[in-house]
Amino acid sequence: MKNIQISPSILSADFSQLGAEIQRLEEGGADMIHVDVMDGHFVPNLTIGPPVIKALRKHCSLKFDVHLMISPVQKYIEDYANAGADIITIHPEATNNLSESIKTIKDLKKKVGISLNPESKIELLTEFLDQIDLVLIMSVNPGFGGQKFIPGVIDKIKKLRKIEQDRSLNFDIEIDGGINFENCKIAINAGANILVSGTTVFKSNGGDIKKNINLLKLK
Ligand code: DX5
Ligand code: ZN
């Protein structure tokens, strides 16, 4: 059983204090920082890009788990790698050559993730599972924090862990969207080992980040 890691999403942070906010996450015991990049085209929201990630890099020693909700994604991958991303996760729908995009990320010596939207089938990525480090299962439709968890995605986690076992593969499964103190148990029991959370980490228990991270880890 892999260790459970928490990757808080800065989408729910105070954007006027992002440097201080990621330091609070590090002090609060976060395992990595989930950076939601949105372009207002692939998703109906616009957040941050490489210059902000570059500016944040020196404020935190944790890995930057960068979720690229941008399309087309291929021509921008190197910019995010150079800005300080450690994990680069892309959506298959955002590239017309997933193999090439995976190779680009790996050639840049970064960990590569593929993200599945709630209605996307795992067959979109099963042929690539031996080439990637992480599968990001969206439990909300991408674009905004604070949405309601979609329980139907849990089955994908179970299926992916079965494939991992059958093919003797090894990859992380990260779940992203609407994670709270109740459904985190369901996600972990299904086989997710990295939980993304914005609202629950930043807003629950009066914003006690350390307490919220430990509760999500079932501690
Ligand atoms: C949504 C983002 C998620 C979101 C999670 O498109 O990918 O990472 O910020 O936020 P909560 O935990 O508030 O659902
Ligand atoms: Zn995300």
message: Please compute the alpha carbon radius of gyration of the chain, then divide it by the globular-protein estimate 2.2 N^0.38 Å. Two decimals is fine.
response: 0.93
query: What number, rounded to the nearest 500 deg cm²/dmol, is the helix-based mean residue ellipticity at 222 nm of the chain, given -39500 (n - 2.57) per DSSP H run of at least four residues and division by all its residues?
result: -8500 deg cm²/dmol
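Keeping the other protein chains in place, figure out the carbon and sulfur percent of the accessible area of the chain, with a 1.4 Å probe. Walk me through the numbers on the way to the answer.
Numbers: 4900 of 9720 Å².
Within the chain, the accessible surface is 50 percent carbon and sulfur.
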message: Taking 8 Å as the Cα distance limit and 6 or more residues as the minimum spacing, I'd like the relative contact order of region 29-154 as a percentage.
response: 20 percent
task: In whole angstrom, note down how far apart the Cα centers of region 37-98 and region 179-200 are.
output: 23 Å
Listed residues 74, 23, 165, most fluctuating in the chain (Gaussian network, C-alpha, under 10 Å): 165
statement: With DSSP loop assignment and no more than 11 other C-beta atoms within 10 Å, the GluC sites (Glu not before Pro) in region 46-128 are 119
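Restricting to Cα pairs below 8 Å that are 6+ residues apart, what does the relative contact order work out to for region 5-216? Please round to a whole percent.
Working: 421 pairs, mean separation 42.4, N = 212.
With pairs under 8 Å counted, the relative contact order is 20 percent.
Per residue, how many Å² of accessible area does the chain show with a 1.4 Å probe?
Values: 9720 Å² over 219 residues.
That works out to 44 Å² per residue.
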field: Using a Förster distance of 35 Å, the FRET efficiency for residue 123-residue 74 (Cβ separation, nearest 0.05)
entry: 0.95
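The values are calculated or read from the model by the stated rules, or taken from the named source; none is laboratory data. These figures come from a predicted structure and were not determined experimentally. Reconstructed Cβ throughout: ideal geometry from the backbone, glycine too, with neighbour counts over all protein chains shown. These accessible areas exclude ligands, DNA and RNA; they are computed on the full protein's heavy atoms, side chains included. Shrake-Rupley method; radii C 1.70, N 1.55, O 1.52, S 1.80 Å.
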